[in-house]
Amino acid sequence: MDIRQYFAQKFHTTPALVARAPGRLEFIGNHLDYNGGPVIGAAIDRYVTAAISPRDDAKILLASDARETIAEVALADIAPLTGDAMWANYVLGVFKVLRDAGLRAERGFNIALVSDLPIGAGLSSSAAIELAAAYAIARLHNFPLDPRSAAIHGRAAENTFVGMPCGILDQGTSAFGKAGSLVLIDCAENTFSTCPMPGGARFWVFNTRKKHALIDGLYAERNRECREAFAMLAAATPGLRNLASATREQVAAAEAALGVARHKRALHVVDETGRVHATLAALKTGDLAAVGRALNASHNSSRLLFENSCDELDHLAAHLAKTPGVYGARLTGGGFGGAVMALTDESFDSRSAEQVAAAYAEKFGDSPSVFHAITGDGATLL
């Protein structure tokens with residue numbers, strides 16, 4: 001859907017400006033971002049686009065092509081919405097965070113969103129909304145915003161306003177994405193860089209359409225378990241900076257104190273950190289077979305230790321790992337549903353993808369949605 005036409009349809013005027021932000025694949029580094037670890041993501045060529053115009057009153061009106069009704073709030077009364085209007089919290093949260101950072105807004109605005117990102121697939125439509133809205137709102141109010149600030153403000157909005165205790169992988173990848181490249185994030189320092197995608201490598205995404213709802217509690221539970229594990233390890237190891245900087249030996253020594261669940265979560269975080277470093281080394285030498293092994297191991301760790309997978313994701317990851325042309329496959333994102341990402345060579349094509357989907361349908365009675373994802377550029381004004 002054309003954003004300008006949609007905006008005119010909803011608000012009977014033309015937008016002052018348009019911004020967009022991409023969804024992302026979590027390449028590797030599952031649940032490491034809020035644990036201070038390194039992560040690798042890839043912005044993809046699926047976007048949320050935001051159009052905005054000023055109003056003459058003190059109201060904010062919000063429209064989305066995924067919803068029938070327009071949400072409305074008063075400029076002086078920015079608080080989380082409930083029910084069918086909850087989607088607007090990603091925009092309102094960004095506005096509040098920007099205003100707290102110094103943005104001055106004396107009048108309200110109209111803002112409309114359109115998206116070709118599948119919702120609930122673990123491709124971070126929420127971060128794309130936050131980044132597209134941040135750029136649109138900031139420019140409308142002549143507020144300076146660079147990619148790093150946009151990522152940090154987007155994460156703050158999700159943490160403090162939406163109520164999801166995520167790290168910065170999603171917002172950072174959406175902000176710093178670059179066509180043909182992966183995004184590397186040091187989540188302890190909030191530093192961002194890119195590296196080229198290996199030649200001949202392809203991304204295929206298999207969306208189970210089993211919608212994850214991370215805010216419902218499982219993601220927050222894993223976050224809490226990790227925080228508790230870190231607190232216990234830090235008490236035994238003064239100077240430990242974060243859970244991702246712990247060693248396997250430190251985790252093993254604290255196994256009895258940690259208990260079963262916290263011990264598993266800590267092991268996953270420590271091992272996943274090692275896999276990210278191994279993946280970076282393999283990418284530098286072009287060893288895609290080694291990258292694939294790390295992706296497969298990452299999924300198995302998410303399945304067995306972090307326990308944030310499900311039968312549908314496990315089936316896809318296992319089936320893809322045995323399919324010719326696939327280097328490796330893993331769940332992408334928070335888990336508990338959503339999608340599996342496969343890293344493939346050029347021989348894996350739409351026919352290969354259809355065969356994987358057919359095997360899935362035979363087992364679960366419904367076919368996954370499938371698409372070939374291409375790396376895309378980060379959030380920008382259009």
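The values are calculated or read from the model by the stated rules, or taken from the named source; none is laboratory data. All values reported here derive from a predicted model rather than from experimental measurement. So basically every Cβ, Gly included, is an ideal-geometry build from the backbone, and we count neighbours across all protein chains shown.
Does the stretch 69-83 include one or more residues that are closer than 20 Å to residue 126 by Cβ and either of a type in the set (Asp, Glu) or touching an Asp or Glu at 6+ places or on another chain (Cβ under 6 Å) (or both)? No. For the stretch 166-185, a residue qualifies if it is buried (at least 17 other Cβ atoms within 10 Å of the Cβ) and of a type outside the set (A, V, I, L, M, F, W, C), and the qualifying residues are 167, 170, 171, 172, 173, 174, 177, 178, 181.
Residue under question is residue 359, and the condition is that it be in contact (Cβ under 8 Å) with a residue 40 or more places away in the chain and outside the structural domain of residue 283 (by TED's automatic domain parsing); does it hold? No.
Any residue in the stretch 276-290 that is exposed (fewer than 14 other Cβ atoms within 10 Å of the Cβ), assigned to a loop (DSSP other than H, G, I, E, B) and not charged (D, E, K, R)? The answer is yes, given that some residue of the stretch 276-290 is exposed (fewer than 14 other Cβ atoms within 10 Å of the Cβ), assigned to a loop (DSSP other than H, G, I, E, B) and not charged (D, E, K, R). Touching a Gly at 6+ places or on another chain (Cβ under 8 Å) and in a strand (DSSP E or B), is that true of residue 52? For residue 52, the condition - touching a Gly at 6+ places or on another chain (Cβ under 8 Å) and in a strand (DSSP E or B) - is not met.
The set of residues in the stretch 191-208 that are part of a loop (DSSP other than H, G, I, E, B) and either at pLDDT 95 or above or buried (at least 17 other Cβ atoms within 10 Å of the Cβ) (or both) comprises 197, 198, 201, 208.
The strands (runs of 3 or more DSSP E) falling completely within the stretch 57-151 that include 1 or more residues that are hydroxyl-bearing (Ser, Thr, Tyr), touching a residue at least 40 places away in the same chain (Cβ under 8 Å) and surrounded by 14 or more Cβ atoms within 10 Å (Cβ to Cβ) map to 59-64, 109-115.
Against the condition part of a helix (DSSP H, G or I) and without any contact (Cβ under 8 Å) to a residue 40 or more places away in the chain, how does residue 294 come out, does it pass? Judged against the criteria, residue 294 is not a match. Does residue 175 satisfy the condition of being touching a Phe, Trp or Tyr at 6+ places or on another chain (Cβ under 9 Å), under 23 Å from residue 86 (Cβ atoms) and not assigned by TED's automatic domain parsing to the domain that holds residue 280? No: the conditions fail for residue 175. Here residue 341 fulfils each of the conditions (1) assigned to a loop (DSSP other than H, G, I, E, B); (2) surrounded by 23 or more Cβ atoms within 10 Å (Cβ to Cβ); (3) not polar (S, T, N, Q) apart from (1). Checked against (1) assigned to a loop (DSSP other than H, G, I, E, B); (2) at pLDDT below 95, residue 31 meets all criteria but (2). Is one or more of the residues making up the stretch 224-244 under 26 Å from residue 198 (Cβ atoms) and modelled with pLDDT of 95 or more? Yes, the stretch 224-244 contains a residue that is under 26 Å from residue 198 (Cβ atoms) and modelled with pLDDT of 95 or more.
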